[in-house]
Amino acid sequence: MKYRKIRRKGQVLATMVFVVWAAAGISGRAQEITEFKGEKLTPLKEQANTYIGKPPKVDLSKYRLQVTGKVNKPLELSYDEILALPREARVIDLNCVEGWGFKALWTGVKVVDLAALAEADPKAKTVIFHEIGGTYSSALPLEYLREMNVLLAFQVNGLAIPPERGFPFQVTAEGKWGYKWVKWVEKIEFSDKDYQGYWEKRGYPNSADIKKKQLTCSLQKRPHESAESRKAKGGSVSLEF
């Protein structure tokens, strides 16, 4: 029932999103891409979506993506500056540990390109993604980001990521469970230490590797789920996995 409610919100959102983008000064495409290079994509209105708390309101005139930590040249980039960087489009599946998932075309910039611009320290091994407001965060190994050419996405199925879906930027952690797909990214922090994010501190595996069966098994217990689920039923919290 919870996810049906979220999907209905997504359907309403799909009809309103161009109005929101226009108010933010963004020109969106009038037609969503439903197939790419022979692969059928899940329509935006059918894509499940969960999050914690309320989606942040983004003022693009003030928004800056910070690239900080163990870098030689810290960056503060505007939305337009990031969109001006080389981009790539790729079909990637997003999978939730609760059993749902979808296939979408994600367009964005490579995180490793941002690392190069900021001149990441050779000692950096972990990249931490922080959402706007600081409530949610998660981290990925820099080696994985390089091997997979992970994207910091600003479009899904050819449309700017909707406000409730992570606008302006979402991590596309290919091969990882959804709790690594950080939304509303405001800061990318390079570190030489390991890091546990929001769900990892609550017992979720830091690897989040979909191929590891022990991940699903360990998540079945979820000792925190009862309290969080009660909040979710009240509409104040939705869970992301």
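The values are calculated or read from the model by the stated rules, or taken from the named source; none is laboratory data. Here the structure is a predicted model, which means the values were calculated and not measured. All Cβ positions, even for glycine, are placed from backbone atoms using ideal geometry, and neighbour counts span all protein chains on display.
Annotations
- Scope the stretch 61-77; condition farther than 23 Å from residue 142 by Cα and surrounded by fewer than 15 Cβ atoms within 10 Å (Cβ to Cβ); matching residues: 61, 62
- Scope the stretch 85-139; condition at pLDDT below 95, β-branched (Val, Ile, Thr) and surrounded by 15 or more Cβ atoms within 10 Å (Cβ to Cβ); matching residues: 97
- Extreme residue, nearest to residue 36 (Cα to Cα), among residues of the stretch 138-172 that are aromatic (Phe, Trp, Tyr) and within 11 Å of the chain's Cα centre (by Cα): 154
- Single condition residue 80 does not satisfy, out of (1) farther than 14 Å from residue 188 by Cβ; (2) surrounded by 14 or more Cβ atoms within 10 Å (Cβ to Cβ); (3) out of contact with any Asp or Glu (no Cβ under 8 Å at 6 or more places or on another chain): (2)
- Which listed residue, of 85, 77, 94, 60, is aliphatic (A, V, I, L, M) and under 26 Å from residue 34 (Cβ atoms): 94
- Filtered by the rule that a residue be surrounded by fewer than 24 Cβ atoms within 10 Å (Cβ to Cβ) and without any contact (Cβ under 8 Å) to a residue 60 or more places away in the chain, the stretch 140-149 gives 141, 142, 143, 144, 145, 146, 147, 148.
For (1) within 23 Å of residue 70 (Cα to Cα); (2) in a loop (DSSP other than H, G, I, E, B); (3) of a type in the set (Gly, Ala, Ser), each residue gets a yes or a no:
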{"position": "93", "(1), (2), (3)": "no, no, no"}
{"position": "98", "(1), (2), (3)": "no, yes, no"}
{"position": "102", "(1), (2), (3)": "no, no, no"}
{"position": "106", "(1), (2), (3)": "no, no, no"}
{"position": "109", "(1), (2), (3)": "yes, no, no"}
{"position": "112", "(1), (2), (3)": "yes, no, no"}
{"position": "117", "(1), (2), (3)": "yes, no, no"}
{"position": "127", "(1), (2), (3)": "yes, no, no"}
{"position": "130", "(1), (2), (3)": "yes, no, no"}
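For (1) more than 18 Å from the chain's Cα centre (by Cα); (2) within 30 Å of residue 125 (Cβ to Cβ); (3) of a type in the set (Ser, Thr, Tyr); (4) modelled with pLDDT of 95 or more, each residue gets a yes or a no:
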| position | (1), (2), (3), (4) |
| --- | --- |
| 7 | no, no, no, no |
| 42 | no, no, yes, yes |
| 47 | no, no, no, yes |
| 65 | no, yes, no, yes |
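- Number of positions in the stretch 172-192 that are in a helix (DSSP H, G or I) and in contact with a Lys or Arg (Cβ under 9 Å, 6 or more places away or on another chain): 0
- One residue from 168, 205, 162 being over 30 Å from residue 45 (Cβ atoms), touching a residue at least 12 places away in the same chain (Cβ under 8 Å) and not charged (D, E, K, R): 205
- Search result, residues across the stretch 45-68 that are among the acidic types (Asp, Glu) and part of a loop (DSSP other than H, G, I, E, B): 59
- All conditions but one from (1) in contact with a Gly (Cβ under 9 Å, 6 or more places away or on another chain); (2) within 22 Å of residue 40 (Cβ to Cβ) apply to residue 108; the one that does not is (1).
- Test: residue in the stretch 149-171 that is among the charged types (D, E, K, R) and assigned to a strand (DSSP E or B): no
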